[in-house]
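Peer 1: To start, I am sharing the structure in question, which I have written as structure tokens.
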Amino acid sequence: MTTLERKKAAPFQPNYIRLLPPGEVIAEKIFEMGIDAEEFAQRCDLPLDTIRQLLKAEIPLTKEIADRIETVTWMKAEGLTQLETRYRSDLAFLQQHPDFPVVR
């Protein structure tokens, strides 16, 4: 097997983690919509505190919250919850491997 064949056969394995909390993606969408967190919370029928905590990754994104966000932003709730699962998994990995490189 040639080097090129080996490179094609081996899956890409990054040597770092890119931490991406769902709140960052949601914050970008809020910005694109031209509204603030307070208006976004009203449109989602959620407390402003909940939205602020979500945007700061202080609380996990639940399916119920993702469903409400989907109705306002058209961002798929399933994709947001998958992003949340990946984010929490990466955080757990980093707790076990604190020296692993992180890109933010």
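Every read-out reported here was derived from the displayed coordinates using simple, explicitly stated rules and does not represent laboratory data. Note that the coordinates shown come from a computational prediction; the quantities given were computed from them, not determined experimentally. With ideal geometry, Cβ positions are generated from the backbone for all residues, glycine too; neighbour counts draw on all protein chains shown.
Peer 1: Does region 45-64 contain any residue that is more than 16 Å from V25 (Cβ to Cβ), polar (S, T, N, Q) and either in contact (Cβ under 8 Å) with a residue 24 or more places away in the chain or in contact with an Asp or Glu (Cβ under 6 Å, 6 or more places away or on another chain) (or both)?
Peer 2: Within region 45-64, not a single residue is more than 16 Å from V25 (Cβ to Cβ), polar (S, T, N, Q) and either in contact (Cβ under 8 Å) with a residue 24 or more places away in the chain or in contact with an Asp or Glu (Cβ under 6 Å, 6 or more places away or on another chain) (or both).
Peer 1: If G34 meets every condition in (1) closer than 30 Å to Y16 by Cβ; (2) exposed (fewer than 13 other Cβ atoms within 10 Å of the Cβ) apart from one, which number is that one?
Peer 2: Of the numbered conditions (1) closer than 30 Å to Y16 by Cβ; (2) exposed (fewer than 13 other Cβ atoms within 10 Å of the Cβ), the odd one out for G34 is (1).
Peer 1: Within region 49-68, restricting attention to residues that are of a type outside the set (A, V, I, L, M) and farther than 16 Å from R88 by Cα, which residue is surrounded by the most Cβ atoms within 10 Å (Cβ to Cβ)?
Peer 2: R68
Peer 1: Another one. Say whether the condition of being within 11 Å of the chain's Cα centre (by Cα), over 19 Å from F31 (Cβ atoms) and among the aromatic types (F, W, Y) is met by at least one residue in region 89-104.
Peer 2: Checked against the condition, which is being within 11 Å of the chain's Cα centre (by Cα), over 19 Å from F31 (Cβ atoms) and among the aromatic types (F, W, Y), region 89-104 yields no hits at all.
Peer 1: Residues of region 48-76 being assigned to a loop (DSSP other than H, G, I, E, B) and among the polar types (S, T, N, Q), which ones?
Peer 2: Matches in region 48-76: T62 only.
Peer 1: Can you name the residue in region 76-100 that is buried (at least 17 other Cβ atoms within 10 Å of the Cβ) and either of a type in the set (S, T, Y) or without any contact (Cβ under 8 Å) to a residue 60 or more places away in the chain (or both) and, of all such residues, is nearest to L19 (Cα to Cα)?
Peer 2: Across region 76-100, the extreme among qualifying residues is Y87.
Peer 1: Same structure, new question: In region 37-46, which residues are under 19 Å from the mean Cα position of the chain (by Cα) and exposed (fewer than 15 other Cβ atoms within 10 Å of the Cβ)?
Peer 2: Within region 37-46, none qualify.
Peer 1: Would you check which residues across region 30-47 are assigned to a helix (DSSP H, G or I) and among the hydrophobic types (A, V, I, L, M, F, W, C) and list them? Steps first, please.
Peer 2: Step one: filter region 30-47 for residues assigned to a helix (DSSP H, G or I), giving 30-33, 37-44.
Across region 30-47, the qualifying residues are I30, F31, M33, A37, F40, A41, C44.
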